[in-house]
Amino acid sequence: MAALAEERLSIERLSIERLSIELSQQCSKGCWFCYSESGPGGQTRLHAADIVALVRDAAAHGLKAVSFGGGEPLESPALWQVLGELEGTLFRSLTTNGLPLLDEAMFSQLVRARPNKVHVSIHFPHHHAEVERVISQVRQLAAAGIPSGINFLVRRSQLAIAEEVAAEVRRAGIDNRRIVYLPMRGQDTPSPKQVARIAGGPFQSMTCLGACGKSPRFCSMRWDGSVAWCSYTETRRQLEEFSFAGLTSALDGLGLAFCGDDARRLPVVAG
């Protein structure tokens, strides 16, 4: 009973400041390692009106930022309505693989939507064409007045090329204040020291880089309407109501399963 009371008390004291939302499971790139198993023909159970209702209510209870991913958010028709209706409500960001931005009309539409920040992902540092494209797109977004940066995926099996390419990105004028170094999850997971080696200095990463644990300030919602303490964990619960109360109710008593691989298993710590 004491443990249950303690858990409920922690929920009552929640101060969720950041919410990550997968708009859909649709992504033409379809990377084999995608944590949401997104790909061509991916689905969604979310509607723009429900997302807007949830985020607005959560903002009234202290939510400061919402980030959109997927899947590929630029392939979701809901993105434009959501960005438009939430403008001025809180900080709105999105992460894209950048491929849709090769279309000039899509690029212009994104600029007109005025997100507060856009990050473009480097999934394959060993693909020189992808690296060059992402650097170019980040520069183009910045020139158009959209704050931009890079999500840099780090794998344990490709540390040497990752270190070389990360240095190339920084030489291109995109420094560690604009790069988020993300360790591969599920398999091929690098250690925190290995990620630090790639970054070559002070860097940004996941708050759970050092150890798996809940943060009372962050949670995520998947394309199917389930919520979790982490975007990668399989410990999830279905949202029954698109409101702040529905969000905190779904998180109440919810655990957190480690999402790395056995070779780099880290201790699970309390939130």
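The values are calculated or read from the model by the stated rules, or taken from the named source; none is laboratory data. The model shown is predicted, which means the values in this text are computed figures rather than measured ones. So basically every Cβ, Gly included, is an ideal-geometry build from the backbone, and we count neighbours across all protein chains shown. Protein only, heavy atoms only, side chains kept; ligands, DNA and RNA dropped before computing areas. Shrake-Rupley method; radii C 1.70, N 1.55, O 1.52, S 1.80 Å.
Numbers for the structure displayed
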| item | result |
| --- | --- |
| Relative contact order (%) - the chain, alpha-carbon pairs under 8 angstrom, separation at least six | 19 |
| The range 144-263, relative contact order in percent, only Cα pairs under 8 angstrom and at least six apart counted | 22 |
| The range 169-216: C-alpha gyration tensor shape, a/c 1.5 cut-off, then a/b vs b/c | prolate |
| Estimated FRET transfer efficiency (Leu102, Ala245; beta-carbon r; R0 51 Å; 0.05) | 0.75 |
| The range 213-252, accessible area per residue, ligands and nucleic acids excluded (1.4 Å, Å²) | 37 |
| Unit charges on C-beta of K, R, D, E only; dipole of the range 16-168, Debye | 280 |
| Net charge over other residues, Cβ less than 14 angstrom from the Cβ of Ile150 (K, R count +1; D, E count -1) | +3 |
| The chain - charge dipole about Cα centre, Lys and Arg +1 at Cβ, Asp and Glu -1, debye rounded to 20 | 760 |
| Whole-percent pair-distance distribution, where bins are 10 Å wide, for the alpha carbons of the range 28-98 | 19, 49, 27, 6 |
| Portion, in percent, of the accessible area of the range 45-167 that falls on carbon or sulfur, probe 1.4 Å | 52 |
| Estimated FRET transfer efficiency when R0 is 22 angstrom, pair Arg217-Ala257 (beta carbons, to 0.05) | 0.65 |
| Value of D in µm² per second that Stokes-Einstein yields for the range 1-156, Kirkwood Rh from Cα pairs, at 10 °C (1.306 mPa s) | 94 |
| Viscosity 1.002 mPa s, temperature 20 °C, Stokes-Einstein D of the range 149-271 from Kirkwood C-alpha radius, µm²/s | 136 |
| Ellipsoid equivalent to the chain - semi-axes via the Cα gyration tensor, in Å | 29, 24, 16 |
| Most to least packed among 166-177, 48-59 [average Cβ atoms within 10 Å] | 48-59, 166-177 |
| For the chain, calculated [θ]222 nm from helices alone, where every DSSP H run of n ≥ 4 adds -39500 (n - 2.57) | -10000 deg cm²/dmol |
| Solvent-accessible area per residue, Å², over the range 144-183 with all protein chains present [probe radius 1.4 Å] | 39 |
| Eligible lysines near Lys117 by straight Cα distance, threshold 16 Å, same-chain separation 8 or greater | Lys64 |
| Accessible area expressed per residue, the range 61-113, with surrounding protein chains retained (probe 1.4 Å, Å²) | 41 |
| Contact order relative to length of the range 21-170, as percent, for alpha carbon pairs under 8 angstrom and 6 or more apart | 18 |
| Computed lengthening from Ser191 to Trp80, 0.36 nm per intervening residue step minus Cα-Cα distance | 36.2 nm |
